[in-house]
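The values are calculated or read from the model by the stated rules, or taken from the named source; none is laboratory data. Please read these numbers as outputs of a predicted model, since none were measured by experiment. FYI the Cβ positions are ideal-geometry reconstructions off the backbone, even for glycines, and counts take in every protein chain you see. With ligands, DNA and RNA removed, areas are computed over all heavy atoms of the protein, side chains included. Shrake-Rupley method; radii C 1.70, N 1.55, O 1.52, S 1.80 Å.
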Amino acid sequence: MGFALKDKVLKGSNTLPNGAATATLATFLDLEHGSRGDFLAHCELLLSAPALNSTQLSDGKTMIYSILESDSSDGSNPTVLGAILTQTGAGGVGAAAATATYRPRVDSKRYVGFKAVGSTTGDATAATATLEIVF
């Protein structure tokens, strides 16, 4: 059974990029553990990507979502933990909504966020992706 308990405070959203650009969560979420990794609650990060129409994500183009971690709440000098979700436009209809989870390592940095990188000329700024901590 997966994690399902949510906290409204432990949630961040960001609009997706316009064209072939990158959008990064402005305020990183606080895992609230010490610099020595002394206690990190059992949790997962839940990334929810919205459905994108063919204008926002045309056939063969992608929107790639990656988890970031930082020692600073403003997300400066983040470490990219890797892509956890890729949406690909297909069939002239864009891409369906999708979710992915990531379980932070015990030695994760204190603050986490995400970035979305588009490979298209479409404008996806009307769509919003969300990152939540679930327990």
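Structure notes:
- For Thr101, the criteria (1) among the hydroxyl-bearing types (Ser, Thr, Tyr); (2) within 19 Å of Phe3 (Cβ to Cβ); (3) open to solvent by less than 40 Å² (accessible area, probe 1.4 Å) hold in every case but one, which is (3).
- Test: residue in region 82-93 that is open to solvent by 10 Å² or more (accessible area, probe 1.4 Å), modelled with pLDDT of 95 or more and over 20 Å from Gly122 (Cβ atoms): yes
- Considering each residue of region 35-52 in turn, at least one proves to be modelled with pLDDT of 90 or more, of a type in the set (S, T, N, Q) and under 16 Å from Thr128 (Cα atoms).
- Selection from region 111-135 of residues that are more than 19 Å from Gly60 (Cβ to Cβ) and more than 16 Å from the chain's Cα centre (by Cα): Ala126, Phe135
- Residue match in region 104-112 (condition: exposed (fewer than 13 other Cβ atoms within 10 Å of the Cβ), touching a Leu at 6+ places or on another chain (Cβ under 9 Å) and not aliphatic (A, V, I, L, M)): yes
- Condition met for Leu131 (surrounded by 17 or more Cβ atoms within 10 Å (Cβ to Cβ), without any contact (Cβ under 8 Å) to a residue 60 or more places away in the chain and farther than 17 Å from Gly19 by Cα): no
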